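The values are calculated or read from the model by the stated rules, or taken from the named source; none is laboratory data. Since the structure is predicted, the reported quantities are computational estimates derived from the model, not experimental observations. Note that each Cβ is placed from the backbone with ideal geometry, even for glycine, and that neighbours are counted across all protein chains shown.
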Amino acid sequence: MSLQAILAKTLRRRSQCRRAAAEGISKGLADNGRLLTFIFNTVVLDHQSDCELRHFSDPMDSRNLANEIDRKVVNALMKAVEKNYGVVQRYYRLKSRLLKLDQLVDYDRYAPLFSDMPACDWPTAQRIVQESYDAFSPEAGRILREFFEKNWIDAEAASRQARRRFLLERRAQRPSLHSHELHRKAARRNDPRP
């Protein structure tokens, strides 16, 4: 079973299903712990070498440069998040009460609050996303509207090969244009199956 399919099970209503999925992921990670640790350490050392070669003073400098954002802005965001940890704690306490659980454990974080997640057809999903972007920023809404109008968002249920083909065709047509969003319409939100 793929990781995506297992992660989808962490969204199920039944606690036993979520627990089994979490334990399966943990076991898979533990079974490959030495290899994953080696890979992680190699990536960290490679990043450290890049930072030293480029004379970055902070490990996040390369990411901030790629994102075209000043370190002060990122630090302010991090401080704001840290200052508001209590909001997340209150949310999880509320979720625990709504799920009627004495203690919320890691695999309960994404448990649905309702017995079945509602289906969401493409026009409804498009409307919700467009309204959200418009409310956030008129400019972001305009850009998203262009994506919808020019059919730059592929949302049809498709096989993995068809999705890859879509991406490769779009990148070949206009490689310098921008990255394309690739979404897949599914019967349920967060469902890995087409």
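All but one of (1) at pLDDT below 90; (2) under 20 Å from the mean Cα position of the chain (by Cα) hold for LEU144; state the number of the condition that does not hold.
Of (1) at pLDDT below 90; (2) under 20 Å from the mean Cα position of the chain (by Cα), only one is false for LEU144: (1).
Quick one: which residue in TYR91, TYR133 is surrounded by 13 or more Cβ atoms within 10 Å (Cβ to Cβ), among the aromatic types (Phe, Trp, Tyr) and under 22 Å from the mean Cα position of the chain (by Cα)? Please lay out each step first, then the result.
Numbers: TYR91 fails: surrounded by 13 or more Cβ atoms within 10 Å (Cβ to Cβ).
Result of the check over TYR91, TYR133: TYR133.
Does any residue of segment 22-40 turn out to be part of a loop (DSSP other than H, G, I, E, B), of a type in the set (Asp, Glu) and either more than 23 Å from ASP116 (Cα to Cα) or touching a Pro at 6+ places or on another chain (Cβ under 9 Å) (or both)?
So in segment 22-40, the residues part of a loop (DSSP other than H, G, I, E, B) come out as 32.
Imposing the further condition that a residue be of a type in the set (Asp, Glu) reduces the set to none.
No, because not a single residue in segment 22-40 is part of a loop (DSSP other than H, G, I, E, B), of a type in the set (Asp, Glu) and either more than 23 Å from ASP116 (Cα to Cα) or touching a Pro at 6+ places or on another chain (Cβ under 9 Å) (or both).
If ARG13 satisfies every condition in (1) part of a helix (DSSP H, G or I); (2) under 23 Å from TYR110 (Cα atoms) but one, which is the exception?
(1)
Restricting attention to segment 24-69, which residues are within 29 Å of ALA8 (Cβ to Cβ), touching a residue at least 12 places away in the same chain (Cβ under 8 Å) and aliphatic (A, V, I, L, M)?
ILE25, the sole residue that qualifies.
When you check VAL73 against the structure, is it farther than 25 Å from SER15 by Cβ and either part of a helix (DSSP H, G or I) or more than 21 Å from the chain's Cα centre (by Cα) (or both), yes or no?
Yes: the conditions hold for VAL73.
Return only the number of the condition from (1) in contact with a His (Cβ under 8 Å, 6 or more places away or on another chain); (2) exposed (fewer than 11 other Cβ atoms within 10 Å of the Cβ) that ASP46 does not satisfy.
Answer for ASP46: the failing condition is (1).
Please give the number of the condition ASP134 fails out of (1) modelled with pLDDT of 95 or more; (2) assigned to a helix (DSSP H, G or I); (3) assigned by TED's automatic domain parsing to the domain that holds SER15.
So ASP134 meets the others, but not (3).
How many residues, within segment 96-114, are modelled with pLDDT of 90 or more, touching a helix residue (DSSP H, G or I) at 6+ places or on another chain (Cβ under 9 Å) and either surrounded by fewer than 10 Cβ atoms within 10 Å (Cβ to Cβ) or hydroxyl-bearing (Ser, Thr, Tyr) (or both)?
4
If you take the residues of segment 50-88 that are polar (S, T, N, Q) and surrounded by 10 or more Cβ atoms within 10 Å (Cβ to Cβ), which of them is farthest from ASP108 (Cα to Cα)? Lay out the reasoning, then the answer.
Keep residues of segment 50-88 that are polar (S, T, N, Q), which gives 57, 62, 64, 67, 75, 84.
Those still in the list that are surrounded by 10 or more Cβ atoms within 10 Å (Cβ to Cβ) too: 62, 64, 67, 75, 84.
Working: SER62: 35, ASN64: 33, ASN67: 33, ASN75: 30, ASN84: 21 Å.
Looking at the filtered set, the residue picked out is SER62.
Here are VAL129, VAL87: which of them is within 30 Å of LYS9 (Cα to Cα), at pLDDT below 95, of a type outside the set (S, T, N, Q) and part of a helix (DSSP H, G or I)? Can you show your working first?
Details: VAL87 fails: at pLDDT below 95.
Just a single option satisfies the conditions, and that option is VAL129.
Kindly evaluate ALA140 against the criterion of being in a helix (DSSP H, G or I), without any contact (Cβ under 8 Å) to a residue 60 or more places away in the chain and among the aliphatic types (A, V, I, L, M). Lay out the reasoning, then the answer.
Details: in a helix (DSSP H, G or I): yes; without any contact (Cβ under 8 Å) to a residue 60 or more places away in the chain: yes; among the aliphatic types (A, V, I, L, M): yes.
Answer is yes for this residue.
Return yes when LEU11 is at pLDDT 95 or above, surrounded by 11 or more Cβ atoms within 10 Å (Cβ to Cβ) and under 22 Å from the mean Cα position of the chain (by Cα) and no when it is not.
Working: at pLDDT 95 or above: no; surrounded by 11 or more Cβ atoms within 10 Å (Cβ to Cβ): yes; under 22 Å from the mean Cα position of the chain (by Cα): yes.
No; evaluated as a whole, the condition is false for this residue.
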